């Protein structure tokens, strides 16, 4: 029986299928439903869990080469929130961070292996992780 790290069997099943250059989306509570891709909904209530909490749990098990996030994130969030995300991203060795326009970001979603929906309420906080 697993006793630490990610315990959710649906998330474990999802990330076990990620290979080189595959992507995985971690989204907020209001992110649109995408019938083309598997969605694991772990939202409990607004704010629980957060995108950054899920990212922290994924880091040891997911070799991340690139993080994508909508450029609108920078202009719609307080400095403290932007700093928290940037710090989380910078802790990933050799990561490339890209911030396309939100409409371009959403066009990348259907190509992902899957989507983890959180309870996060951060405006434009959604991220796409690309494996190395």
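Each reported figure results from applying straightforward, stated rules to the coordinates on display, with no laboratory input. All figures in this text were calculated on a predicted structure; none of them were measured in a lab. Here the Cβ positions follow ideal geometry from the backbone for every residue, glycine too, while neighbour counts run over all protein chains shown.
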When only C-alpha pairs under 8 Å and at least 6 residues apart count, what is the relative contact order of the range 1-128, in percent?
49 percent
Does anything in the range 102-132 have its amide N under 11 Å from the 7 Å Cα→Cβ label point of residue 63, and if so which residues?
131-132
Based on alpha-carbon centroids, what's the gap between the range 52-76 and the range 14-35 in Å, whole number please?
11 Å
Please find the FRET efficiency linking residue 3 to residue 39, where r is the Cβ-Cβ separation and R0 is fixed at 22 Å, and quote it to the nearest 0.05.
0.25
Determine, for each peptide in 9-18, 94-103, 49-58, the mean count of other beta carbons within 10 angstrom over its residues, then list the peptides with the highest first.
49-58, 9-18, 94-103
With labels modelled as points extended 7 Å from the Cα through the Cβ direction, what inter-label distance (nm, one decimal) is found for residue 56 paired with residue 102?
2.7 nm
Size descriptor, Kirkwood hydrodynamic radius, that averages inverse alpha-carbon separations across the range 22-106, Å:
14.1 Å
